[in-house]
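Below you'll find the structure, written out as structure tokens, and then a few comments.
The values are calculated or read from the model by the stated rules, or taken from the named source; none is laboratory data. The structure displayed is predicted, hence computed values, not measured ones. No Cβ is skipped: glycine too gets one built from the backbone with ideal geometry, and neighbour counts run over all protein chains shown. Just the protein is used for accessible areas: all its heavy atoms, side chains included, with ligands, DNA and RNA removed. Shrake-Rupley method; radii C 1.70, N 1.55, O 1.52, S 1.80 Å.
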Amino acid sequence: RLESGEEVKDSIPVWVVEFEVREKVFPKTAVAPLKENGDSVGIIFGVVPPEYFSQDNAPSPDSIVARVYDKDGSLVFGPDTFANHPYPVYYWKGKDNSSKANKAADPDKSPYTVKMRMYYRDDKYVEDEVDIEVIPKLEKSIILTKGVTFNSGASDDKPTSLPMYTFPLHNIEYYGLLYARVLETGNNDNDYKYYTITGQPSEVQVKEGDEIKTVSVEQWNEEIWGELELKWEKVYPYISDDENDVVSYDNRDELEGWEWQNTGQLLPGVHRYMLSIKEKETKQEAEKGKGVDMSIIAALARVIPLMDPDVVDWTESYLGVPYVLGTHPNEYGQDVEKGLHKGYEGIDCSGLACWSFIWAGEPLSSLNPSY
């Protein structure tokens, strides 16, 4: 009991602690799919004053807890607690709470928000958060065409990546298509998607391996995933080494003003195109078709499609095809010979005659009446 005039003095420690996620996040934009044992997003955080981060100094932080939410505010990962961390950095490797299939890195759920708390004395905490964008991984660019086709197996009602055999002076529609990886589940139908800026056309015909499929096209989200840049080029193959019949493809003209959808007309002969697609933010570039993997359109000489093309019409569709005797590798090491892609990659004299007769439905004995 205090007597009159007596005082009692005591003290308690008071800490003013700030916790902040700093601007340096690597990478700020992550490329899907994030993997359990592969790519990750590193989040730099800080404690103010910095000495408070050490457990050797009061208030001796107990732990840091991270939670990851998708764009809808749903918790996808966490709480993930890590204590005694020697460096002020947290890594999220894309996994979710339900499995290690890394489905949390689905770009359609981007941006993700990582919320972090640092706990110290008596369950007090300080917190901050940061958004991370997860975008699809650009795999390859695909050129699609649509027009009046003949004897090709290509779709007449959907843009197709198959070689097109058509008639000259008819409008041909050209479409750019992006093939991108979004997940890593082992199921290609889930892991890969086809995109355009508009999501149109909604369905296209593509060749995946040996299978011809009709697939759906989705819209690329430029606001979240970044702007895509296109460059179309017309390619003029030529023989760069006469001794070895090496076909090269570096003679190209850029098609100014071409976008995701374009229209043009063709003269008789074979026509090749190359499409480059780049993403500005991450500097990703889709693999483009090279050499024998490039888009092919062969236009016949016959203008009126109602009349059956004859041998000469089909012969003129080979205008512009390099002369390759037998089999020789091109500049990419791919074998070119008259049996490949119906002779439109490279052809010799006998190949030109044979393919023209085959296309026209004439018996090969017509080449030599004595047979």
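Among the candidates V206, V217, the residue that is modelled with pLDDT of 95 or more, among the aliphatic types (A, V, I, L, M) and crowded, with 17+ Cβ neighbours inside 10 Å is uniquely V217. Provide a single number: the residues in region 243-258 that are among the charged types (D, E, K, R) and exposed (fewer than 11 other Cβ atoms within 10 Å of the Cβ). Adding up the residues that qualify gives 4.
For the structure I just gave you, tell me whether T185 is open to solvent by less than 20 Å² (accessible area, probe 1.4 Å) and not hydrophobic (A, V, I, L, M, F, W, C). So T185 fails the test. Taken together, K140, K158, K146 contain a single residue that is farther than 25 Å from P268 by Cα and either open to solvent by 30 Å² or more (accessible area, probe 1.4 Å) or small (G, A, S) (or both), which is K140.
In region 124-149, which residues are more than 19 Å from E287 (Cβ to Cβ) and not in a strand (DSSP E or B)? Selection gives G147, V148. Restricting attention to region 54-95, which residues are surrounded by fewer than 19 Cβ atoms within 10 Å (Cβ to Cβ), modelled with pLDDT of 75 or more and small (G, A, S)? Residues satisfying the conditions are S63, G73, S74, G78. For region 220-244, enumerate the residues that are of a type outside the set (A, V, I, L, M), more than 16 Å from Y174 (Cα to Cα) and assigned to a strand (DSSP E or B). E229, Y238, S240, D241, listed by residue number.
Quick one: would you say T315 is touching a residue at least 40 places away in the same chain (Cβ under 8 Å) and touching a strand residue (DSSP E or B) at 6+ places or on another chain (Cβ under 7 Å)? So T315 fails the test.
Total residues in region 259-293 satisfying the condition of being open to solvent by 20 Å² or more (accessible area, probe 1.4 Å), out of contact with any His (no Cβ under 9 Å at 6 or more places or on another chain) and assigned to a loop (DSSP other than H, G, I, E, B): the figure is 12. Within region 179-195, the residues that satisfy the criterion of being outside any loop (DSSP other than H, G, I, E, B) and within 15 Å of P107 (Cα to Cα) are Y179, A180, R181, N190, D191, Y192, K193, Y194, Y195.
In a residue-by-residue description of region 305-313, the property of being open to solvent by 20 Å² or more (accessible area, probe 1.4 Å), outside any loop (DSSP other than H, G, I, E, B) and at pLDDT 90 or above applies to no position.
Annotation note: Cβ proximity below 6 Å between a residue of region 338-350 that is open to solvent by less than 10 Å² (accessible area, probe 1.4 Å) and a residue that is assigned to a helix (DSSP H, G or I) (sequence gap 6+ or interchain) occurs for G343/G351; G343/W355; E345/V292.
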